[in-house]
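Participant: Please read through the structure below; I'll follow up with questions.
The values are calculated or read from the model by the stated rules, or taken from the named source; none is laboratory data. The model shown is predicted, which means the values in this text are computed figures rather than measured ones. Here the Cβ positions follow ideal geometry from the backbone for every residue, glycine too, while neighbour counts run over all protein chains shown. Calculation scope for accessible area: heavy atoms of the full protein, side chains included, ligands and nucleic acids excluded. Shrake-Rupley method; radii C 1.70, N 1.55, O 1.52, S 1.80 Å.
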Amino acid sequence: MQINWYWKSIPLALLLVACRSASESGVGESPNYAVIPATEQSDTTGAWAGLKSLQLDTTALLQREIWAALRDYAFGGPSLVLGAATNVRVVLDTGLVRSTLNVQDRGIELLLRDSSQLYRGLSLLSQLGVLNAGRLPVGAYHYRPRFVYRGMHLDVARHFFPKEALFKYLDFLFFYGYNKFHWHLTEDQGWRIEIKRYPKLQTVAAYREETLVGHYNDTPQRFDGQRYGGYYTQAEVREIVAYAAAKGIEVIPEIELPGHSLAAISAYPELSCDPTRSYAVATKWGIFDDIYCPTEKTFQFLEGVFDEVTALFPSRYIHIGGDEAPKGAWRESAFCQDLIEREGLVDEAGLQSYFIRRVERYLNERGRQIIGWDEILEGGLAPKASVMSWRGTEGGIAAALADHQVVMTPTSHCYFDYYQSDHPEEPLAIGGLTPLEKVYAFEPIPAELPVEKHRYIWGAQGNVWTEYLPDFAKVEYMALARMAALSEVLYRDSTQRRFADFAQRLQTHLDYWEGQSVNVAQRLLDLRFDLAGGNAVPLRVTDLRASVAARVEQQGPGDDTWTAVEGTSAVLNEPGIYAFRAVDEAGRVGRATRVHYEPHLGLGATIELAQPPDRRYPGRGGSGLLNGIKGSDEKYGDREWLGFSGEDLEATIRFAEPRVLRRVGLRFFDGEGQWIYLPREVELLASTDGQTFRSLARRSDWQRRAKVEEVEVALEAVEATHLRVVAKNYGEIPEGRQGEGYRAWLFVDEISIE
Ligand code: ACM
């Protein structure tokens, strides 16, 4: 056990700006201990620390000089000459089981079990200060991160944010105890880091001619006609890296290869497999076929880039991308086919693996390690690579089983560019639905991973892709609340987490950020609801609840006043639009959630699905297809749509008594940008005994007009006890379409029967 003792005074004129007396700031109120991530707390007496005339600076959080000073101070750096305002004591003791921030009348003490935990101690101090208007409540606050890698990512390529915005982002990371910033710097739509050896990366690759407006899935797609771009100079990169380091945050740069490289190829077409063509920086989102060709020229270029990147970033890890690289150009290239032959590779996946290994070797020789998206497993993982598991946790499991380090960042829980609410007023986002409680429930260590491999799960990360986040206010809206939720996942195991308790603490944080003019999402009063028994008649909306304690109010069809709902459940007994909203104890009024109820013959019938929807998009299961409520016209991620990954829909509906069927309405979502395709074919079948089914109609002639294809099938008064709906998945996505080579998603919702 190593113990270093330091007893010094810190110049609190810097740490704490003067000065409001205790009485002015409202003695008698109880302290707010609602820190995130939560700490174990002891000796919280309800008293304020008698640190006289002290006021934390709530705008700049803590100042950088202080962190640097404290770091030196704690780790045996040059001793400081300090003025006396109060006592701060920093102790490093590797024998401790956890770290503690101890706030007492006589001063502040930080007991650290390892040096990196200084920063969480400081951010705790900062949180306690800002939650209590500058006063510090007496108590011992114990903390210990569960994971070593606690990351947040930001895509600055789809949209570009100035240096000051990145400082703010890093402030958020610090505040919530993160220690890694994954900086996504290069893309099809822009190259954002100055590389002095390649000036056209600045003059050409950093700018695009215009940008897609609205959603990728809108028809027709529209563009703004405005040139757009920018990049960080090397001086700015150094400033950002230093700013992060002063907060205990390591910056991991990402230079994407071999795919997502159209901007670089536009500047230097010789990096592509067909240098005779001309290329342009992408103006819309998605995946592009033009990727780096694995020529010596390309490797030389990338090595030149990495020489400058490694000089700018001290991080041990360099992210090399590796995701979403279509292989069409390599298949058609005689050079690539020769190379595959010469190197004895199996196919283009093997060639990608060869590409990544060469880059890994170059970086390893310079003392760096690579990390890449889970596609780098395909064709064989580079020997020392770490893996970011994003398409699910399967890639992470495979890598951990092979003794490679893994960061979990599955789309299901960690993509903060997905919608956080299915409310219709939610600002435009890429898709999906990842509400706070889902992030909060994330478990980075998969249940199926054997215990002896758990140590390879290095941590988790939240990703913030910015196709639909044109300015930093939108980034704040999408990222901040969910960043807080994920932070607790990174510090506490699932037995120590209760969402209701978290939500209550989060509310005070949201109020604080709002007070700081941060555009944080105030979504805790959005209602969730279930529909009891699914297809019961009349429909019962049950378990209407917000994340925090609140009463619920309702407006029925035609009402223009709000009436209180008894308890948290309501009955929808006539067609029309119902609205519900929550009002909390402090009088905050949540957004109204509307339910459009259109009963039809299918209500009350039973429904069976031959295969369940994908667990990422379960909707309300089969009964959600027959509940009289249609899914959103804009968002397939709401609770009505069912998503099938590569599978067909086969739904068999059994009526309580024989019915005469005259019309069946079906709805399918169409979203190529998210690899969601209309079915190949739909077939309706009927039966009078549940055994033999006869075909009533087949359809495959879609008239796509919007994101939702409404298919109406008229029937000639067919009497039936059973109706079967079969929708054939589009199947493997062909070359040249978004998601090429993958099986398509099929999204289905209400089956309306008349
Ligand atoms: C990714 O979202 N393409 C890593």
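Participant: For segment 565-722, what log10 I(q)/I(0) values come out of the Debye formula at q = 0.18, 0.21 1/Å, with one point per alpha carbon and no solvent?
Facilitator: -1.28, -1.58
Participant: For segment 463-502, what is the Kirkwood hydrodynamic radius in Å, using each pair of distinct C-alpha atoms?
Facilitator: Every distinct Cα pair counted, the radius reaches 11.5 Å.
Participant: Here is a further query. Checking the cross-link filter: which lysines have an alpha carbon closer than 19 Å to that of Lys200, excluding same-chain neighbours under 8 positions apart?
Facilitator: Counting by Cα, and skipping residues close in sequence, Lys200 has these lysines nearby: Lys297.
Participant: Turning to a different aspect of this structure: Could you give the length gained on full extension between Asp543 and Asp323, defined as 0.36 nm per residue of separation minus the Cα-Cα distance, in nm?
Facilitator: 75.2 nm
Participant: In addition: Which pairs in the list Lys163/Lys453; Lys630/Lys728; Lys163/Lys630; Lys453/Lys728 are over 32 Å apart, alpha-carbon to alpha-carbon?
Facilitator: Lys163/Lys453; Lys163/Lys630; Lys453/Lys728
Participant: Here's something else I'd like to know. Give me the percent of Cα-Cα pairs in segment 292-445 that sit more than 26 Å apart, rounded to a whole number.
Facilitator: Summing the P(r) of segment 292-445 above 26 Å gives 39 percent of all pairs.
Participant: Taking only protein heavy atoms into account and a 1.4 Å probe, give the accessible area per residue of segment 539-636 in Å².
Facilitator: Heavy-atom SASA per residue in segment 539-636 reads 48 Å².
Participant: Can you run the Rg to Rh ratio on segment 221-374? Use alpha carbon positions and the Kirkwood inverse-distance Rh.
Facilitator: Answer for segment 221-374: 0.99.
Participant: To the nearest 0.05, how large is the calculated FRET efficiency for Ser278 and Asp471 if R₀ is 25 Å and r is the Cβ-Cβ distance?
Facilitator: With a Förster radius of 25 Å, E is 0.20.
Participant: While we're looking at this one, here's another question. Local charge sum around Pro269 (other residues, Cβ-Cβ under 15 Å, Lys/Arg +1, Asp/Glu -1)?
Facilitator: -2
Participant: Which whole-number percent is the relative contact order of the chain (Cα, under 8 Å, 6+ apart)?
Facilitator: 9
Participant: Could you compute the net charge surrounding Tyr232? Neighbours are other residues with a C-beta less than 10 Å from the C-beta of Tyr232; K and R count +1, D and E count -1.
Facilitator: Local net charge: 0.
Participant: Could you give the length gained by full extension between Glu754 and Thr688, i.e. 0.36 nm per residue of separation minus their alpha carbon distance, to one decimal place?
Facilitator: Using 0.36 nm per residue and subtracting the Cα-Cα distance, I get 22.1 nm.
Participant: Still on this structure, I have one more. For segment 500-596, what is the charge dipole size about the Cα centre, in debye to the nearest 20, if Lys and Arg each add +1 at the Cβ and Asp and Glu each add -1 at the Cβ?
Facilitator: 200
Participant: Can you tally the net charge around Ser99? Count Lys and Arg as +1, Asp and Glu as -1, for every other residue whose Cβ sits under 10 Å from the Cβ of Ser99.
Facilitator: Summing Lys and Arg as +1 and Asp and Glu as -1 gives +2.
Participant: Calculate, for Leu401 and Thr233, the FRET efficiency according to 1/(1 + (r/R0)^6) with r their C-beta to C-beta distance and R0 45 Å; round to the nearest 0.05.
Facilitator: In this case the efficiency is close to 0.60.
Participant: Which percent, nearest 5, of DSSP beta bridges in the chain are antiparallel?
Facilitator: Percentage antiparallel, nearest 5: 70.
Participant: Counting Lys and Arg as +1 and Asp and Glu as -1, each charge on the Cβ, what is the dipole of the chain about the Cα centre in debye, to the nearest 20?
Facilitator: Dipole magnitude for the chain comes out near 2060 debye.
Participant: R0 = 25 Å: FRET efficiency of Val660 with Thr606, Cβ-based, nearest 0.05?
Facilitator: Result of the calculation: an efficiency of 0.85.
Participant: Using a probe radius of 1.4 Å on heavy atoms only, what accessible surface per residue do you get for segment 241-283? Whole Å² is fine.
Facilitator: Counting only protein heavy atoms, the per-residue value for segment 241-283 is 25 Å².
Participant: Give me the extension gain from Ser700 to Arg594: residue separation times 0.36 nm, minus the current Cα-Cα distance, reported in nm with one decimal.
Facilitator: Extending this stretch completely gives an extra 34.9 nm.
Participant: May I ask for the distance between the Cα centers of segment 365-437 and segment 685-754, given as a whole number of Å?
Facilitator: Centre-to-centre distance over Cα atoms comes out at 33 Å.
Participant: Let me ask you something else. Counting heavy atoms of the protein chains only and a 1.4 Å probe, report the per residue accessible area for segment 419-524 as a whole number of Å².
Facilitator: That works out to 34 Å² for each residue.
Participant: Now a separate question. Modelled label-to-label distance, Asp93 and Glu341, 7 Å Cα→beta-carbon offset: nm?
Facilitator: Simple spin-label model gives 7.0 nm for this pair.
Participant: Of all the accessible heavy-atom surface of the chain, with the other protein chains kept in place and a 1.4 Å probe, what percent is carbon and sulfur?
Facilitator: Roughly 48 percent of what the probe reaches on the chain is carbon or sulfur.
Participant: Using every alpha carbon pair in segment 336-410, what percent of pairs falls into each 5 Å bin from 0 up to the bin containing the largest distance?
Facilitator: The calculated distribution, bin by bin, is 3, 18, 25, 20, 19, 10, 4, 0.
Participant: Just to be sure I understand the curve: with the Debye formula and one point per C-alpha of segment 111-226, what is log10 I(q)/I(0) at q = 0.14, 0.15 Å⁻¹?
Facilitator: Per q value, in the given order, log10 I(q)/I(0) is -0.79, -0.84.
Participant: Further question on the same structure: Can you give me the Rg/Rh ratio for the chain, using Cα atoms for both radii and the Kirkwood formula for Rh?
Facilitator: Taking Rg over the Kirkwood Rh, I get 1.00.
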